[in-house]
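Single-structure report; data block below.
The values are calculated or read from the model by the stated rules, or taken from the named source; none is laboratory data. Computed from a predicted model, the values in this text were never measured in an experiment. FYI the Cβ positions are ideal-geometry reconstructions off the backbone, even for glycines, and counts take in every protein chain you see.
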Amino acid sequence: MKALCIHGHFYQPSREDPVLGRVPYEPGAGPYGNWNERIHDHCYRPNAELGNFERISFDIGPTLTGWMAQEHSDTLDLIIQQDRANYARFGVGNAMAQGYHHTILPLATREDKITQIRWGIEEFTALFGHRPKGMWLPEAAVDLETLEILAENGIQFTILAPWQADHPAVDVTRPYRVALPGGKEFAVVFYEQNLSMRVSFDPEATVNADRFAQSHLEPAFKQGGASEPQILIIATDGELYGHHQPFRDKFLAHLTRQAISSRGIELTFPARWLKENPPAEYIRIRENTSWSCHHGVSRWKESCGCNLNGEWKTHLRAALDRVAEVVDACYLDTFGRDLSDPWELRHRYIDVILCRTSLSELLYELTGRAWGPEELARADLLLRAQYERQRMYTSCGWFFEDFDRIEPRNNVIYAAQALWLTQQVSGVDYSAQAAEWFHPVCSWRTDLRGDVFFRSRYERITRDQPKQTCGEPELTGAAD
């Protein structure tokens, strides 16, 4: 038996201005108002209308679905329906969860890993109506601790690049088991490198789906009458299909319908394949590796061969780590008096974000007492600070070559908002100290300095947001 799985990773980072609560105008996305709108028109909507989401494996980020729920709920509904069709047919869906803010998990603390994973699981469950079997790791960045936390929270598998296996010649046509501490185990499937690279970076190869199936796909399977079931996984950025490469949404539709069925290749997805073909062999992973940096996870913390002039990345991460220390210290000082595990409150805060419960109800459940208005106001400010502190680690802030881009600037904006919210509780103005932390961050193209940008955003936040001292907030949907 020969089977094909195409996995699409659909994601956009948080783009909301924390003061306005909406995505501002982004000049580079013209003639659209912002990049989300442009990519929706090129990719999300046409793929949903073509039914492509039903025939592929996919993950779609919470920071994208939160925006889509508000701006294009019809497209999101189509995507959800297509996963549910597979769930009704096979007992498992073809959608996978994703870490909530696309944080590079091997670079995160254990508690941040737990928050990102649990928030991602709960957002997925609320959206698709069933719990996820698999989770796409942001940038496929992996370590054993991350897999251990996934397993503890009911996730059964993930997809990795073949070079993330600690094996010189991993067989990508079969799934594997990874032994975890404490006797647990976890399933891993590896995508086929050459096919995935061909689809992603060779536009000529994907002009014609029939020719691609004949010339590239069929030869990739083991030949010679192999008796074992074989699966080939093509993993790509989902926005390739129509946005990065025009008309590839139509290529994907024809490939997954006529082109492979005429060659006796079955279409599948990992949750279904693992249900029907559970892994037998064990394999070790190479820790602190990813699919988009061949230097491990260096791309998101320092200069490496992926991007030159990357010294600013080290300084940015160091500055954000200092921000996290300040925000966390105030958080723990406040909640450590009432909670034996203050981090459990943050992990459970997703229920408030998703409007499953109110903050007062959640605090009562965890502490066994009613919280007064002033206490609730402080709790709300600190939990919203934790939300901003989580999204300031969005991976896009380090992915590209320069600091003076919208992605790293947004990370600094979220850090400024986290500090301002914390200041409302502590009474301490952190802006001068934080500016010193951001001072070494500098654009090599435009000379924009991190401290200058931080100060300008912090001043705007202070000017445009009233000081909040009482009352429980009204939260609707994702807390963007």
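Considering (1) closer than 21 Å to residue 135 by Cβ; (2) out of contact with any strand residue (DSSP E or B) (no Cβ under 7 Å at 6 or more places or on another chain); (3) part of a loop (DSSP other than H, G, I, E, B), say which one residue 171 fails and leave the rest.
Looking at each condition in turn, residue 171 falls short on (1).
Answer yes or no: is there a residue in segment 227-249 that is over 28 Å from the mean Cα position of the chain (by Cα), in a helix (DSSP H, G or I) and assigned by TED's automatic domain parsing to the domain that holds residue 82. Steps first, please.
Let us first name the residues in segment 227-249 that are over 28 Å from the mean Cα position of the chain (by Cα), namely 227-230.
Among the residues that remain, those that are also in a helix (DSSP H, G or I) are: none.
Looking for residues that are over 28 Å from the mean Cα position of the chain (by Cα), in a helix (DSSP H, G or I) and assigned by TED's automatic domain parsing to the domain that holds residue 82, one finds none in segment 227-249, hence no.
Could you tell me which of the residues 238, 242 is touching a strand residue (DSSP E or B) at 6+ places or on another chain (Cβ under 8 Å) and of a type outside the set (Ser, Thr, Tyr)? If you could, list the steps in order and put the result at the bottom.
Details: 242 fails: touching a strand residue (DSSP E or B) at 6+ places or on another chain (Cβ under 8 Å).
Answer to the selection: 238.
Residue 224 is checked against (1) surrounded by fewer than 21 Cβ atoms within 10 Å (Cβ to Cβ); (2) within 27 Å of the chain's Cα centre (by Cα) and fails just one. What number does that condition carry?
The one condition residue 224 does not meet is (2).
Looking at segment 17-51, which of its residues are in contact (Cβ under 8 Å) with a residue 60 or more places away in the chain and either among the β-branched types (Val, Ile, Thr) or touching a Lys or Arg at 6+ places or on another chain (Cβ under 6 Å) (or both)?
19, 39, listed by residue number.
For residue 383, indicate whether it is buried (at least 21 other Cβ atoms within 10 Å of the Cβ), in contact with a helix residue (DSSP H, G or I) (Cβ under 8 Å, 6 or more places away or on another chain), part of a helix (DSSP H, G or I) and modelled with pLDDT of 95 or more. Break it down into steps so the answer makes sense when it comes.
Working: buried (at least 21 other Cβ atoms within 10 Å of the Cβ): yes; in contact with a helix residue (DSSP H, G or I) (Cβ under 8 Å, 6 or more places away or on another chain): yes; part of a helix (DSSP H, G or I): yes; modelled with pLDDT of 95 or more: yes.
So residue 383 passes the test.
Quick one: which residue in 287, 302 is without any contact (Cβ under 8 Å) to a residue 40 or more places away in the chain and not assigned by TED's automatic domain parsing to the domain that holds residue 445?
Details: 287 fails: without any contact (Cβ under 8 Å) to a residue 40 or more places away in the chain.
Result of the check over 287, 302: 302.
For the subset of segment 22-62 comprising residues that are small (Gly, Ala, Ser) and surrounded by fewer than 21 Cβ atoms within 10 Å (Cβ to Cβ), which member is farthest from the chain's Cα centre (by Cα)?
First pass over segment 22-62, keeping only residues small (Gly, Ala, Ser): 28-30, 33, 48, 51, 57, 61.
Subset that is surrounded by fewer than 21 Cβ atoms within 10 Å (Cβ to Cβ): 28-30, 33, 51.
On the way: 28: 23, 29: 22, 30: 25, 33: 23, 51: 23 Å.
Here the residue is 30.
Being touching a strand residue (DSSP E or B) at 6+ places or on another chain (Cβ under 9 Å), buried (at least 18 other Cβ atoms within 10 Å of the Cβ) and within 25 Å of residue 286 (Cα to Cα) is the requirement here; does residue 149 meet it? Walk me through how you get there before you give the answer.
Details: touching a strand residue (DSSP E or B) at 6+ places or on another chain (Cβ under 9 Å): no; buried (at least 18 other Cβ atoms within 10 Å of the Cβ): yes; within 25 Å of residue 286 (Cα to Cα): yes.
So residue 149 fails the test.
Quick check on segment 341-357: of everything there that is over 16 Å from residue 382 (Cβ atoms) and not basic (Lys, Arg), which residue is surrounded by the most Cβ atoms within 10 Å (Cβ to Cβ)? Please lay out each step first, then the result.
Start the filter on segment 341-357 by keeping residues that are over 16 Å from residue 382 (Cβ atoms), which leaves 351, 354-357.
Next cut, not basic (Lys, Arg) only: 351, 354-355, 357.
On the way: 351: 18, 354: 20, 355: 14, 357: 15.
Taking the candidates together, the pick is 354.
Could you list all residues from segment 368-377 that are over 22 Å from residue 119 (Cα atoms) and either in a helix (DSSP H, G or I) or not assigned by TED's automatic domain parsing to the domain that holds residue 422 (or both)? Spell out the reasoning first.
The initial filter retains those residues of segment 368-377 that are over 22 Å from residue 119 (Cα atoms), namely 368-375, 377.
Hits for segment 368-377 are 373, 374, 375, 377.
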